[in-house]
Amino acid sequence: MYKLVFSERSHFMLKGKNILLGVSGGIAAYKACDLTSKLTQQGANVRVVMTESATKFVSPLTFQALARNPVYVDIFDEKDPEKIAHIDVADWAEIAIIAPATANIISKMAHGIADDMLSATLLATRAKIYIAPAMNVHMYANQAVMENMKQLEAWGYHFIEPGEGYLACGYVGKGRLEEPIEIINVINNHLSKSSRLAGKNVLISAGPTRETIDPVRYITNRSSGKMGYALAEAAASFGASVTLVSGPVHLETNASNITQHDVVTSEEMYEEMHKHFPNADIVIKAAAVSDYRPKKIFKQKVKKQEDKWEISLERTEDILRSLGEKKDNQYLVGFAAETENVIENGLQKLNQKHLDAIVINDVSKADAGFDVDTNAVTFIRQDGTREELPLAEKTKIAKALVQLIIQDLEEH
């Protein structure tokens with residue numbers, strides 16, 4: 001059977017990490033001094049980037065003394081002629097923390113504005129970004145601010161919610177910068193969870209296939225690939241090395257630990273999946289592969305005729321079944337897109353194809369079928385236990401499915 005061994009992890013996930021601390025112009029900037037001190041005490045390498053407004057509250061010299069590194073404020077202050085400062089800091093950083101994050105810097109990040117050292121650095125970095133907002137309670141609840149935060153969250157930024165209490169403006173409510181130790185705890189916990197698949201190889205198939213009839217026609221299906229791509233991003237967020245075998249779709253991946261292989265036909269997908277299968281720890285077959293293809297492929301476009309045109313079809317290789325038959329230590333998950341007898345048909349597929357789990361969804365529902373951003377699924381394990389995941393965005397369904405797979409592996 002399958003078995004993955006997950007190593008023990010230190011609570012201090014920040015030790016040795018290169019951390020960019022962005023300080024924007026709010027009264028809570030004084031708390032960033034304590035945050036800088038605590039990060040260095042945890043063994044992190046900290047470089048502070050301040051907005052001009054932030055320097056009105058705390059001197060750059062304070063952060064320099066605490067971090068024992070230069071502090072960056074002016075984007076045009078290039079101390080080393082061999083380096084562009086904001087690009088150098090952006091490339092150096094593994095983690096970026098914006099604390100305090102004002103409504104202004106959040107707006108800049110959401111709209112791609114790069115008009116100072118901090119916003120330009122954040123636009124250039126590939127680091128994980130954690131945002132700790134701090135502002136007036138009404139500003140925090142403002143629709144524009146909420147929409148900006150929602151957009152950033154959709155792009156993969158992580159928010160550390162502000163606390164409730166007495167604010168500098170005199171109001172009492174939500175908008176108070178979270179305490180530095182809690183900011184560190186949140187990040188430590190998140191990094192611990194996001195490394196649960198570190199060192200593991202995850203193979204995922206996504207999207208449709210196309211079976212050629214002639215140079216202008218083909219057989220395909222309505223799959224958009226959104227579920228498979230969301231699964232790839234989710235697995236990558238937990239630290240896995242992901243191999244994504246994708247049919248023809250109009251999607252892109254953002255994570256650096258995803259390697260994508262594009263295919264068109266079911267035969268190409270069969271070959272690519274089998275090529276990477278031996279090195280995989282977890283395999284999720286989310287692609288909607290054509291069950292049939294034309295027996296004959298016409299080299300020239302078939303002209304319109306007066307009579308009907310009958311096309312003879314033949315079965316394609318059953319990729320999931322073939323992987324199930326070759327399975328050694330891999331944890332193999334299939335998808336069952338059904339329109340009737342949904343659970344019964346899914347269970348039959350689970351058993352017939354030697355799967356460890358099956359994800360079943362009713363594609364006859366308008367909001368849970370093909371080419372939409374939401375889904376509702378049932379996850380059933382080989383032992384018959386199941387989890388119902390109600391209607392939600394596919395990104396959230398994907399993360400929940402990966403967590404269920406990890407849980408199953410850790411318990412076995």
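Output the relative contact order of the chain, whole-number percent, from Cα pairs under 8 angstrom with separation of 6+ residues.
Details: 854 pairs, mean separation 49.2, N = 412.
The normalised contact order for the chain reaches 12 percent.
Whole angstrom only: what separates the Cα centroid of the range 276-323 from the Cα centroid of the range 202-231?
What the calculation gives is 10 Å, centre to centre.
Using only alpha carbon pairs under 8 Å that are at least six residues apart, calculate the relative contact order of the range 230-356 and give it in whole percent.
Once divided by the residue count of the range 230-356, the mean separation gives 21 percent.
What distance in nm separates the simple spin-label points at LYS295 and SER195, each placed 7 Å from Cα in the Cβ direction?
Between LYS295 and SER195, the label points sit 5.8 nm apart.
If eta is 1.002 mPa s and T is 20 °C, what Stokes-Einstein diffusion coefficient results for the range 193-324, Kirkwood Rh from Cα pairs, in µm²/s?
Numbers: Rh = 15.9 Å.
Using the Kirkwood radius from Cα pairs, D works out to 135 µm²/s.
Enumerate the residues in the range 366-381 having an amide nitrogen under 18 Å from the point lying 7 Å beyond the Cα of GLU388 toward its Cβ.
It comes to 366-369, 375-381, nothing else.
Going highest first, how would you order 144-152, 224-232, 41-49 by mean Cβ packing within 10 Å?
Those peptides, ordered most packed to least, come out 224-232, 41-49, 144-152.
Let me make sure I get this right: for the range 18-193, a, b and c are the square roots of the gyration tensor eigenvalues over alpha carbons, sorted descending. Under 1.5 in a/c it's rounded, otherwise prolate if a/b > b/c, else oblate. Which is it?
Verdict is rounded for the range 18-193.
Please go through the residue pairs LYS128/LYS193; LYS17/LYS399; LYS193/LYS396 and name each one whose alpha carbons sit more than 21 Å apart in this structure.
Going by Cα-Cα distance, LYS17/LYS399 fall outside the 21 Å limit.
Tell me which GluC sites (Glu not before Pro) from the range 308-350 have a DSSP coil assignment and no more than 10 other beta carbons within 10 Å of their own.
Answer in residue order: GLU310, GLU340.
Take LEU123 and GLU268, extend 7 Å from each Cα along the Cα→Cβ direction, and tell me the distance between the two endpoints in nm.
For the pair LEU123/GLU268, the computed spacing is 3.6 nm.
Taking a ≥ b ≥ c as the square roots of the Cα gyration tensor eigenvalues, with a/c under 1.5 meaning rounded and otherwise prolate when a/b beats b/c, else oblate, which class fits the range 325-412? Provide the component values of the computation, followed by the final result.
Numbers: a/c = 2.08, a/b = 1.35, b/c = 1.54.
Oblate, because a/c is 1.5 or more while a/b does not exceed b/c.
Give the cross-link partners of LYS275 among the lysines, using a straight C-alpha distance below 16 Å as the criterion and excluding same-chain residues fewer than 8 apart.
LYS285, LYS326, LYS327
Give the share of C-alpha pairs in each 10 angstrom bin for the chain, from 0 to the last occupied bin, in whole percents, shortest bins first.
Taking all Cα pairs of the chain, the binned fractions are 4, 19, 25, 20, 17, 10, 4, 1, 0 percent.
For SER53 and HIS111, FRET efficiency with R0 = 25 Å and r from the beta-carbon atoms, rounded to 0.05?
0.85
Nothing charged except the Cβ atoms of Lys and Arg (+1) and of Asp and Glu (-1): what's the magnitude of the dipole of the range 1-150 about its Cα centre? Round to the nearest 20 debye.
Dipole of the range 1-150, to the nearest 20 debye: 720 debye.
Suppose the chain between ILE311 and HIS261 were pulled fully straight at 0.36 nm per residue; how much longer would it get relative to their current alpha carbon spacing?
Additional length available on full extension: 15.0 nm.
Can you return the aspartates and glutamates within cross-link range of LYS174? Criterion is Cα-Cα under 18 Å, with same-chain partners fewer than 8 residues away left out.
Qualifying aspartates and glutamates at Cα under 18 Å: GLU147, GLU161, GLU164, GLU182.
To the nearest 500 deg cm²/dmol, what mean residue ellipticity at 222 nm is calculated for the chain from DSSP H runs of n ≥ 4 alone, each contributing -39,500 (n - 2.57), summed and divided by the residues?
One gets -10000 deg cm²/dmol as the mean residue ellipticity at 222 nm.
Mind checking which lysines have their C-alpha under 23 Å from LYS304, skipping anything on the same chain fewer than 8 residues away?
LYS295, LYS296
Within 10 Å, count the other beta carbons around each residue, average over each peptide in 127-136, 292-301, 176-185, and list them highest first.
127-136, 176-185, 292-301
Read-outs: derived from the displayed coordinates by stated rules, not from any lab. Note that the structure is a prediction, hence the values are computed from the model and not measured. Ideal geometry is used to build each Cβ from the backbone, glycine not excepted, and the neighbour counts take in all protein chains shown.
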